[in-house]
Amino acid sequence: MKTNNNSEYAFSIEPANPPNDGILFVDHSKAGRSGHLGHALVEYAPGHILAFYPNCSDANNGHTGDGWMEHRRSTDAGRSWSEPAVLEYSKRVYDSDQGRSVMCEKAICTNDGNIVLFNLECANIAEKNFTWQPLAVPTFLRSSNRGSIWDDAKPMGDEPGRIWDVLYHQGTIYVLELCNDSSIAWYGNLPEHHYSLYVSEDDGRTFTRRSTLPFDIMQRGYGALAFLPGTGLIAYVYNQADEKHLDYVISGDAGHTWNDPQTAFFAKQIRNPQMAHFKDGFVMHGRSGSKGKEDIRGHFVLYASTDGIHWDEGRYLQMRTAGAGAYSNNVLVHNPDGLSDRLLIQASHAYEKNMTNIHHWWLS
C-alpha cells in the first residue's frame, strides 16, 4: 500500500491494505492475560532489536499495571523473534511487593553500544483499582551487553511522574517527563504539575533537568518528541478536552528555551501520540481518541507529515473490536543486508473487554 501526504512523501505499510489485524506479536488471549502500556523498543546493532511488552493480569477487565515486563529479541531485522524472556528487575519488584509494578516504556542505544531502558514506577497499583497510579520517581536501567544483564535501577530525576518520550540525538539523550504523581489523575490537574526536559550527556549515566516546557498543564497528558529539519526540537502533548488538536512547542536551542505553544490538527483524533522521523517526513500514531461517537474512537490511527506540524487526513491501521487499546511505540530498524530501512510500529489491541494482545506493523 502506498500512502502519500503529498508527492514528496510516500511509504508502504505491511501488512498491506489496512485496517487489519497487523502481525500478531504476543498472544495474551491464550492465557487470559493483558498488556497495555510498556512498549519499549530499541535497535542495539543494525537489525538487532529488543521489543518489550507487558504481561499483566485481567484485573480491571485487563486495563491494568498488575504484572511485569518481558521482551523478545530479533537478530535479523524483525524476520524472526526469540522466545519471550522476563525482565528480571520488573518481575522481582512485582513478586516482592504486590503494591508495586514496573513498566518499561522507552529505550535507546548510545553510540558506545549501551542500552538505556526507562521505567514507569507504579507505587501502589491496588490504590487505583490495579491501574498504574500513583507513581513514584521514574527509573532507568543500563546494559553494556545488549540487554543480557542490566545494572541496578537508578532514579531519573527527583520528581514522581511518567516519562512520555525519549530521543537520542548527536550524543545527547532527551527525556520528556510529566511531573505528576497521578494520585488524583494521570493528566495535569494541579498548578505544580509540569513537563520537564531532562538530558544526559554522559552516555546515560546521569540526567539533569534542562528546562520546564511552557504548556498549559491542565488536562494535558502523554507526549512525543522529534527533531525537525535543521535544529528544531518539537514536543507534542495531548489535550483531554480536545482530541483533534495536540499542543506543541518548538525549541531552536536543543531544549534550553521554547516558543509559545501552538496547536496541530488531527482529523481522526489522536490520543497516546507517538512520533517518528521516517524517510523524508514524519509519522504520528496512536489511539483515535476516547471521546465522540462510537464509530470514531478507540481505533489505531496513523498520520503522515512532511514538516512534522501539518498532518494528513490519517488512516486506520486497526479498528477497535472490544475495549481500550492502542498504546504504541516505534523504532527505526536498519537492514544489515543493504535493503531499505524500515520503521517497526508496535501496539496493543483489545481482544476481549480491555484485555489486549500485541501487534506489529512495518513501514518501508
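For segment 262-364, the list of chymotrypsin sites (Phe, Trp or Tyr not before Pro) that fall in a loop by DSSP and count at most 11 other C-beta atoms within 10 angstrom is empty.
Within the same chain, aspartates and glutamates fewer than 8 places from Lys30 are excluded, and of the rest, those with a Cα less than 14 Å from its Cα are Asp58, Glu352. With all protein chains kept in place, the per residue accessible area of segment 5-52 amounts to 38 square angstrom at a probe of 1.4 angstrom. Show which lysines lie in cross-link reach of Lys91 when reach means a straight Cα distance below 20 angstrom and same-chain residues fewer than eight apart are skipped. Result set, ordered by chain and number: Lys106, Lys154.
Could you give the longest part of the chain that holds none of the GluC sites (Glu not before Pro) found in DSSP loops with at most 15 neighbouring Cβ atoms within 10 Å? Between exposed loop sites, the widest span is 9-191.
Under the convention that each Lys and Arg Cβ holds +1 and each Asp and Glu Cβ holds -1, the size of the dipole of the chain around its Cα centre is about 700 debye.
Summary of the geometry: segment 111-131 and segment 241-264, compared by the centres of their Cα atoms, lie 26 Å apart. State the percentage of accessible surface on the chain attributable to carbon and sulfur atoms; use a 1.4 Å probe and exclude ligands, DNA and RNA. Whole-percent figure for carbon plus sulfur exposure: 47.
For segment 196-303, the number of Lys pairs separated by eight or more positions or lying on different chains, with C-alpha atoms closer than 21 Å, is 5.
Charged neighbours of Asn329, selected by a Cβ distance under 11 Å, balance to -1 (K, R count +1; D, E count -1). Inter-part distance, segment 188-210 to segment 265-294, computed on C-alpha centroids, equals 24 Å. Approximating the spin labels as points 7 Å out from Cα along Cα→Cβ, the Glu201-to-Asp76 distance works out to 4.3 nm.
Based on protein heavy atoms only, segment 201-285 ends up with 39 Å² per residue of surface accessible to a 1.4 Å probe. Of interest is the spacing of the C-alpha centroids, which for segment 133-156 and segment 303-338 amounts to 27 Å. Close amide-amide hydrogen proximity is noted between His36 and Thr64, each under 5 Å apart and 5 or more residues distant or on a separate chain (H modeled in the peptide plane; Pro and chain starts excluded). For the chain, the fraction of C-alpha pairs farther apart than 25 angstrom is 50 percent. With R₀ set to 41 Å, the beta-carbon distance separating Ala322 from Gln170 gives a calculated FRET efficiency near 0.45. Taking label positions 7 Å along the Cα-Cβ direction at both Ser183 and Ser57, the computed distance is 2.5 nm, reported to one decimal. In plain terms, the chain is cut at each of the trypsin sites (Lys or Arg not before Pro) found in a DSSP loop with at most 11 other Cβ atoms within 10 Å, and the longest leftover piece is 80-292.
The values are calculated or read from the model by the stated rules, or taken from the named source; none is laboratory data. Remember, it's a predicted structure, so these values are computed and weren't measured experimentally. No Cβ is skipped: glycine too gets one built from the backbone with ideal geometry, and neighbour counts run over all protein chains shown. Calculation scope for accessible area: heavy atoms of the full protein, side chains included, ligands and nucleic acids excluded. Shrake-Rupley method; radii C 1.70, N 1.55, O 1.52, S 1.80 Å.
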